[in-house]
Amino acid sequence: MALSTYSELQATVANYLNRDDLTTLIPTFITLTENRLNRELRVRANMVRAITTTTAGQAFYDFPSDMIELRNITYDNNSQSHALRYLSPESVTREYGTVVSGQPRAYTNLGNDLKLVPSPDAAYSISINYYSQLRSLSDNVTTNDVLTQYPSLYLFGACLEGAIYLNDTEQTNRFGSVFQKALDDVQRAEEAARYSGTVMTTSIQGDPGAMVRRGAY
């Protein structure tokens, strides 16, 4: 059976659980699986680059609203890309407390706010490279990159949630084991690709607010 769309996923989950009375609950199993994957999955399929332009004198900027984990931040100046280093809020005060403005050299985060230090003295193009939340499947959003590339994660995750709901210990152990193996296999493949010189690409998902996303990096 094909497993590339939301409806196909729901049908396959019902088949794997061998139940025909869970139609209204399977979407919840899928949502719970997405919550789990947002916590545990870090792959190129949910890696995004958001770009914004700084304003002179403005130090604080919003992180993308769909960000679940930051990877790095860079800025472009004179056609060159520079990586900003992370500093704790305390280190920012120690190292840049007397610097009013200049080219950004580092960043820190205060809650959901990104602080550039020193405060930009001009307009710079800032790239925020991060892992985004999954684009949740629904009747209107019938697929996403993770379902396309790693359908077993969705399938076994939803079956695990179904087995938990059914209070079926044997099936919970079974699907828990195969889901974890599928997740481990994907993570190992991603790690191998990351260090093999493979070019990374991004996937545009969700709405990060005022920031503009671009393609591969």
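Side notes on the structure shown:
- Selection status of Thr143, of a type outside the set (D, E, K, R) and modelled with pLDDT under 95: no
The rows are residues; the columns are (1) closer than 14 Å to Lys115 by Cα; (2) modelled with pLDDT under 95.
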residue: Arg36; (1), (2): no, no
residue: Glu40; (1), (2): no, yes
residue: Pro64; (1), (2): yes, yes
residue: Glu69; (1), (2): no, yes
residue: Thr74; (1), (2): yes, yes
residue: Ala83; (1), (2): no, yes
residue: Glu90; (1), (2): yes, yes
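Here is a yes/no grid of residues against (1) among the hydroxyl-bearing types (Ser, Thr, Tyr); (2) outside any helix (DSSP H, G or I); (3) crowded, with 19+ Cβ neighbours inside 10 Å; (4) not assigned by TED's automatic domain parsing to the domain that holds Ser101:
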site: Leu116; (1), (2), (3), (4): no, yes, yes, no
site: Ala123; (1), (2), (3), (4): no, yes, no, no
site: Leu147; (1), (2), (3), (4): no, no, yes, yes
site: Leu153; (1), (2), (3), (4): no, no, yes, yes
site: Leu160; (1), (2), (3), (4): no, no, yes, yes
site: Asn173; (1), (2), (3), (4): no, no, no, yes
site: Phe179; (1), (2), (3), (4): no, no, yes, yes
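- Residues of region 48-62 classified as of a type outside the set (Val, Ile, Thr) and touching a Lys or Arg at 6+ places or on another chain (Cβ under 7 Å), total: 4
- Only one entry in Leu84, Leu3, Leu17 is over 25 Å from the mean Cα position of the chain (by Cα) and farther than 18 Å from Gln133 by Cα, namely Leu17.
- In the condition set (1) out of contact with any strand residue (DSSP E or B) (no Cβ under 7 Å at 6 or more places or on another chain); (2) under 26 Å from Leu134 (Cα atoms), Met67 is compliant with all but (1).
- Lone qualifier among Ser127, Ser136 - being surrounded by 17 or more Cβ atoms within 10 Å (Cβ to Cβ), under 25 Å from the mean Cα position of the chain (by Cα), in contact (Cβ under 8 Å) with a residue 40 or more places away in the chain and not in a helix (DSSP H, G or I): Ser127
- Test: residue in region 25-38 that is of a type in the set (Asp, Glu) and part of a helix (DSSP H, G or I): yes
The values are calculated or read from the model by the stated rules, or taken from the named source; none is laboratory data. Treat the numbers as computed from the prediction; the structure is a model and nothing was measured. Glycine gets a Cβ as well: all are built from the backbone with ideal geometry, and neighbour counts include every protein chain shown.
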